[in-house]
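For reference, the structure discussed in these notes is given below.
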Amino acid sequence: MFPSKVRRYEESLLSKLVLITDIIREESIGVLELYKKVKPKLSDLDIFISVLELLYLLGRIQYDEEWRVIKYVENDRM
């Protein structure tokens, strides 16, 4: 899922991280709405879920249960 000699960057999870992060940075968005926006650029739903899991584990997104949206988390610790 990461770039290598065999897999191009465009086919990797890293490229999908950028795609989804760019959308979430602009606005908080519902999961289904986000999926509809990125679906044409993803090979399947598993990739979408993997990217969301990775962003969550990295602390870059959070889910607002009240509004049912994904929000970008600014992290200025670096």
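The values are calculated or read from the model by the stated rules, or taken from the named source; none is laboratory data. Everything quoted here is computed from the prediction, not taken from an experiment. Cβ placement follows ideal geometry from the backbone for every residue including glycine, while neighbour counts extend to all protein chains displayed. These accessible areas exclude ligands, DNA and RNA; they are computed on the full protein's heavy atoms, side chains included. Shrake-Rupley method; radii C 1.70, N 1.55, O 1.52, S 1.80 Å.
Among the trypsin sites (Lys or Arg not before Pro) within the range 1-61, those in coil by DSSP and having at most 16 neighbouring Cβ atoms inside 10 Å are K5, R7, R8.
Take the Cα radius of gyration of the chain and divide it by 2.2 N^0.38 Å, N being the number of residues; the result is 1.11.
Here the spin labels are modelled as points 7 Å beyond Cα on the Cα-Cβ line, and at L19 and W67 they lie 2.5 nm apart. The lysine pair count for the chain, using Cα distances under 20 Å and pairs eight or more places apart or on different chains, is 9. Normalised by the number of residues in the chain, the average gap of Cα pairs under 8 Å and 6 or more apart makes the relative contact order 28 percent.
In the chain, the calculated helix contribution to ellipticity at 222 nm averages -14000 deg cm²/dmol per residue, counting -39,500 (n - 2.57) for every DSSP H run with n ≥ 4. Sorted largest first by accessible area at a 1.4 angstrom probe radius, with every protein chain in place, the residues L57, L14 fall in the order L57, L14.
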